[in-house]
Every structure is written in C-alpha cells, then in structure tokens.
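Engineer: Handing you a structure now.
The values are calculated or read from the model by the stated rules, or taken from the named source; none is laboratory data. Just so it is clear, the structure is predicted and the values come from calculations on it, not from any experiment. Note: ideal-geometry Cβ built from the backbone for every residue, glycine included; neighbour counts use all protein chains shown.
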Amino acid sequence: MKLTNDKSCSWINDLPLRTNIKTLSVNQECDWLIIGAGYTGLSVARKLSQLHPSQKIILVDAQLAGEGASSRNSGYLVDTTLNDGFTSNKELENYKKKADIYELGIKAVKKFIKEYQVDCEWNECGKYFASSKSEDQKILLKFSETLSKLGYNHNLLFNNELTKKLGTSFYTVALHTKGGILLHPGKLARAMIDTLPDNVQLFENSPLLDWEKNNDIISCNFNNEKINTKKIIFATNGFLKSLGIKSNYNFPLTLTASMTRPLTDEEFRALGEPNEWGVLPVKPMGATIRMTKDRRILIRNTAEVHDPSKMTQSELDKRSIKQKLGIKKRFPQLPNDIIKSSWSGIVSRTRNSSQIFEKIDDHIFAAGCYNGSGIGVGTLFGEQIAIKASNENSDEINIIESRSKPTWLPPQPFLNIGVKTRLIFERFRSRSDV
Ligand SMILES: Cc1cc2nc3c(=O)[nH]c(=O)nc-3n(C[C@H](O)[C@H](O)[C@H](O)COP(=O)(O)OP(=O)(O)OC[C@H]3O[C@@H](n4cnc5c(N)ncnc54)[C@H](O)[C@@H]3O)c2cc1C
C-alpha cells in the first residue's frame with residue numbers, strides 16, 4: 001500500500017521540518033512492533049518503553065509519523081459529543097460510559113502535555129453545538145437534559161448573544177459545553193514524536209505490506225525488508241481494515257478540511273474581534289468550523305466513502321470550493337480568496353460508534369476507530385492497549401471494556417451501498433448547515 005497524502009495541511013505546514021527521519025533498510029527482530037505512528041501508536045510506544053525499558057520496541061509508519069489524521073484533524077479534544085454519526089445518544093447509561101472514556105482521554109492528553117511541557121495552543125474554552133435552524137432547539141434541549149443528568153456544565157445561547165461570541169449571525173441557536181478543549185493537533189502529534197523514548201526505534205515511509213503469524217512469531221513484510229516480532233500492536237485507525245484487522249467491524253471515511261490565512265486587523269474588527277471558538281454541527285453532516293487563536297478560520301464540511309490512500313489535487317480543489325461557500329455563508333463580509341490550504345484525512349468508523357480495543361490473540365492487539373473523536377481517546381487507548389498487551393490491568397481498561405463492542409458490518413458491496421445511502425440522507429438533513 002502506498003499512502004500519498006497531499007502536502008497542504010496548514011497544521012503540518014506550521015511545524016518546523018524534521019531532519020531525523022529513518023526508513024527501514026535492513027531486516028529486524030524485536031520484542032514489540034507497533035504499526036502506525038499517530039496519537040495511538042505514539043502513545044503505545046511511550047507506554048511500552050516505560051513498562052519494558054530493556055526490550056526492543058519498533059514503531060513504523062507508512063508515511064511521516066504523526067502526519068496522518070493525527071495532524072490533520074480539527075483539534076477538538078471533546079468531553080461530550082452530540083452526533084457520533086448514525087446512532088443517537090438515547091440511552092443515558094451508554095452515553096455516560098462514552099463520556100467517561102472521553103474524560104479519561106482528556107486526562108491522558110493533559111498528563112502528557114504537563115509532563116513534557118508541551119505547547120499545543122491548549123485552550124479550555126469549551127465548544128458550541130450550533131445550528132442555523134431554530135427548530136434544532138428541540139435537539140439541543142434534549143441534549144441539555146442528558147448533560148444536566150450527568151452533571152455537565154453547559155448553557156444555551158441564541159441569536160445576538162451567539163453573534164457576539166462567534167462574529168457571525170449565521171447561527172440562531174447553540175449549546176455551549178464548558179469542558180471541551182481546542183488545540184493545535186499538529187503540535188500535539190509533533191511533541192509526541194519529539195519525546196519518544198530512546199528505546200523506541202521509529203521507521204517512517206515504511207509501509208507494512210502484509211503479515212502472518214508462524215507459531216509465536218509474527219513475520220511482517222515491508223518493501224524489501226522483514227521484521228519478525230514477538231508481539232504486534234496495530235494502531236493504523238482508518239487502515240485497520242486494509243491490514244485485515246477487525247475487517248467486519250470498521251470502515252474508513254475520508255474527510256476534507258480547509259483553513260484560511262490569518263484575518264487582517266480590519267477583517268477581524270469587522271467580525272467584532274471574537275475570542276477563539278469552535279462550533280460542531282447539530283446534525284451530523286453539517287460543518288465543523290473554528291476560529292483559531294491566530295484568527296484563521298478552519299472548516300470541515302465533507303465526509304465520504306473514498307479511496308483512503310490518496311485524493312488527487314483536482315478532487316481536493318472541488319471540495320475546497322464547498323468549503324469556500326461554507327465560509328462565505330457565515331462570513332459574507334470576508335474576501336472570496338482567503339483559503340490558504342485544503343487537505344484530506346482518514347477516520348475510522350464503526351456501526352454503533354464504539355471503538356476498537358482488542359486482544360486478537362496473545363501476540364496480536366489493536367486499538368483504533370474513534371469515530372472522529374480520537375485526540376483524547378487515541379492517546380488513552382494507545383497507553384491502555386500497551387498495558388493490556390503486557391498482561392497487566394488498570395481501572396481505565398475496566399472502564400474501556402465495560403462499553404459495548406463494535407457491531408458486525410455487512411460485506412462489500414453492501415457495506416459501501418449502505419454507508420453511501422446513509423451519507424446522502426444525512427447530507428440532505430444537514431444541507432442548511434454545510
Ligand atoms: C479532517 C479531520 C478532522 C478531525 N477532527 C477531529 C477532532 O476535532 N477531534 C478529534 O478528537 N478527532 C478528530 N479527527 C479524528 C482524529 O484525527 C483521529 O481519530 C486520530 O488521529 C486517530 O489517531 P490514530 O493514531 O489512531 O490514527 P492516525 O493518526 O490515522 O494514524 C495511523 C497511522 O497509521 C499509518 N499506517 C496506515 N497504514 C499503515 C501501514 N500499512 N503500515 C504502516 N503504517 C500505516 C498511517 O500512515 C498513519 O500515520 C479528525 C480527523 C480528520 C481526518
């Protein structure tokens with residue numbers, strides 16, 4: 001498999017160029033092999049190194065570490081979600097289990113940034129679930145009831161009050177949750193790479209092509225090299241399925257996003273100089289939109305079934321037009337040509353929005369599939385799957401394993417037909433807020 005990511009993600013372009021990149025060039029043997037160096041794989045590596053300081057740990061990635069979804073996301077470290085896609089949050093007990101996992105995820109990221117003094121533009125400003133349709137107030141009132149029962153601090157806002165906060169009169173109603181955090185996803189991923197312990201060897205631009213288990217050893221084939229390992233942890237998220245991991249339980253979706261240049265003083269003044277904010281849609285296929293600390297606007301308003309290994313420039317350009325229109329709808333006073341970059345990224349989904357945290361056998365483990373909310377949960381699951389793979393236990397593992405497991409998905413072509421039909425339906429429902 002060759003991953004050809006576009007080179008235009010603003011979050012990645014904000015970072016200094018790395019110079020210490022090593023590619024797999026000779027055969028290796030190790031105690032632990034981790035496939036995928038996003039938040040999950042990087043956290044697995046950090047934890048394994050603490051647990052087994054004298055063992056050989058190898059981490060590989062098909063592209064540059066951290067430059068998959070982990071640096072390409074919208075930077076919401078969530079405490080609660082309203083839409084996980086296709087399921088509703090009706091059952092309070094299930095919702096609480098999910099929110100408990102989000103809380104543990106926030107704690108895991110917080111601990112990491114505190115321990116390593118990481119600057120990732122952390123802002124505990126909460127987040128808005130907002131809609132331009134006043135009838136969506138009903139959905140938000142129901143959500144508010146759930147949050148009140150669970151003790152989450154939140155409040156409802158309307159029209160002018162929202163315009164003042166966001167600098168746009170597009171939205172008529174919103175629910176603000178106080179617990180969410182906004183951050184720079186690329187800076188977080190880069191910090192995880194820069195602080196990798198010495199007993200972790202990282203090989204980049206080294207895609208795993210196939211693997212097999214022979215007795216107690218797992219043999220992995222790369223372009224011209226092999227790695228034989230005693231234990232393997234798959235942390236490839238949207239690419240779990242392509243490596244044959246839990247294939248009937250997860251599927252990839254491609255998201256695209258665009259970011260503007262920083263607004264000028266004059267443009268920013270015209271919006272009323274709002275503080276940094278982040279809006280998530282009330283209906284699943286509406287736009288995620290953020291005003292960053294340095295006055296850039298980020299918008300993500302597509303999710304689709306697409307070849308996860310690449311998106312051509314012309315395909316990306318078409319999606320960028322949709323994002324330009326999304327910005328124009330909300331900020332008609334801004335010029336037309338302020339989008340600086342557009343990019344795509346892969347997320348992994350399950351049918352019932354449950355994540356994958358799995359011992360496949362004594363030697364093979366997998367964590368991933370965060371349904372679009374993987375900053376905190378990925379960091380948490382990475383650490384905890386390392387503990388589980390080391391035959392240890394933790395309170396966190398008990399909480400993670402008490403949630404419902406992903407449910408079975410139909411085989412192709414029925415899966416794609418089903419997902420595409422659902423996306424069309426959700427796009428129609430959300431059309432005013434794209
Ligand atoms: C546009 C966008 C917006 C998002 N917004 C948010 C958000 O606001 N908040 C949030 O919490 N989450 C968000 N997400 C989801 C979040 O980014 C992911 O859940 C998270 O990055 C998952 O981390 P990960 O390490 O499991 O996977 P990834 O970051 O995808 O890392 C997996 C790695 O595996 C590597 N890999 C794949 N196949 C192979 C192979 N064969 N051999 C070797 N390596 C391989 C890939 O190159 C990749 O680097 C968003 C995602 C996208 C794309």
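Engineer: Looking at the range 374-388, which of the residues that are touching a strand residue (DSSP E or B) at 6+ places or on another chain (Cβ under 8 Å) and either of a type in the set (A, V, I, L, M, F, W, C) or part of a loop (DSSP other than H, G, I, E, B) (or both) is nearest to the ligand (Cβ to nearest atom)?
Structural biologist: Looking at residues that are touching a strand residue (DSSP E or B) at 6+ places or on another chain (Cβ under 8 Å) and either of a type in the set (A, V, I, L, M, F, W, C) or part of a loop (DSSP other than H, G, I, E, B) (or both), I get 375.
Engineer: Residue by residue through the range 236-270, note down the ones that are surrounded by fewer than 19 Cβ atoms within 10 Å (Cβ to Cβ), in a loop (DSSP other than H, G, I, E, B) and either within 16 Å of the ligand (Cβ to nearest atom) or at pLDDT 95 or above (or both).
Structural biologist: Matches in the range 236-270: 244, 247, 261, 262, 264.
Engineer: Could you please find all residues in the range 401-418 being in contact (Cβ under 8 Å) with a residue 24 or more places away in the chain and either loosely packed, with under 12 Cβ neighbours inside 10 Å or within 16 Å of the ligand (Cβ to nearest atom) (or both)?
Structural biologist: Hits for the range 401-418 are 402, 406, 408, 411.
Engineer: Also, quick follow-up: If you take the residues in the range 330-351 that are in contact with a helix residue (DSSP H, G or I) (Cβ under 9 Å, 6 or more places away or on another chain) and among the charged types (D, E, K, R), which one is farthest from residue 378 (Cα to Cα)?
Structural biologist: Among them, the one singled out is 337.
Engineer: Could you tell me which numbered condition residue 5 fails, if it satisfies all but one of (1) modelled with pLDDT under 95; (2) under 19 Å from residue 384 (Cα atoms); (3) within 9 Å of the ligand (Cβ to nearest atom)?
Structural biologist: (2) is the only condition that residue 5 fails.
Engineer: For the range 197-215, what are the residues that are within 24 Å of residue 50 (Cβ to Cβ) and either over 26 Å from the mean Cα position of the chain (by Cα) or not in a loop (DSSP other than H, G, I, E, B) (or both)?
Structural biologist: 198, 199, 200, 201, 202, 203
Engineer: Does residue 352 count as of a type outside the set (Phe, Trp, Tyr) and in a helix (DSSP H, G or I)?
Structural biologist: No: the conditions fail for residue 352.
Engineer: Pairs only if they're at least six apart or on different chains, beta carbon under 6 angstrom, first in the range 53-76 and on the phi > 0 side of the Ramachandran plot, second near the ligand (Cβ under 8 Å from one of its atoms) and not acidic (Asp, Glu); list them, first residue then second.
Structural biologist: 66/189; 75/185
Engineer: Let me ask something else about it. Is it the case, given these coordinates, that residue 129 is within 14 Å of the ligand (Cβ to nearest atom) and either crowded, with 18+ Cβ neighbours inside 10 Å or at pLDDT below 95 (or both)?
Structural biologist: yes
Engineer: So the check is Cβ under 6 Å with 6+ separation or different chains; which pairs have a first residue in the range 1-19 that's surrounded by 13 or more Cβ atoms within 10 Å (Cβ to Cβ) and a second one that's among the acidic types (Asp, Glu) and not in a strand (DSSP E or B)?
Structural biologist: Going by the 6 Å Cβ cut-off, the qualifying pairs are 12/67.
Engineer: When you go through (1) surrounded by fewer than 21 Cβ atoms within 10 Å (Cβ to Cβ); (2) of a type in the set (Val, Ile, Thr); (3) in contact with a Pro (Cβ under 9 Å, 6 or more places away or on another chain) one by one for residue 321, which number turns out not to apply?
Structural biologist: The number of the failed condition is (3).
Engineer: Look through 352, 398, 391 and report the one residue that is surrounded by fewer than 20 Cβ atoms within 10 Å (Cβ to Cβ), at pLDDT below 95, more than 8 Å from the ligand (Cβ to nearest atom) and of a type outside the set (Val, Ile, Thr).
Structural biologist: The match here is 352.
Engineer: Could you list, in sequence order, all residues of the range 25-57 that are more than 20 Å from the chain's Cα centre (by Cα) and crowded, with 23+ Cβ neighbours inside 10 Å?
Structural biologist: Selection gives 32, 33, 48, 57.
Engineer: Pick from the range 24-40 the residues that are in contact with a strand residue (DSSP E or B) (Cβ under 6 Å, 6 or more places away or on another chain) and within 12 Å of the ligand (Cβ to nearest atom): which of them is nearest to residue 379 (Cα to Cα)?
Structural biologist: Result: 40.
Engineer: Right, something else. Taking the conditions exactly as written (of a type in the set (Ser, Thr, Tyr), away from the ligand (no atom under 14 Å from the Cβ) and in a loop (DSSP other than H, G, I, E, B)), does residue 81 satisfy them or not?
Structural biologist: No; evaluated as a whole, the condition is false for this residue.
Engineer: Working only within the range 41-68, note down all residues that are in a helix (DSSP H, G or I), in contact with a Pro (Cβ under 9 Å, 6 or more places away or on another chain), of a type outside the set (Lys, Arg) and within 14 Å of the ligand (Cβ to nearest atom).
Structural biologist: 45
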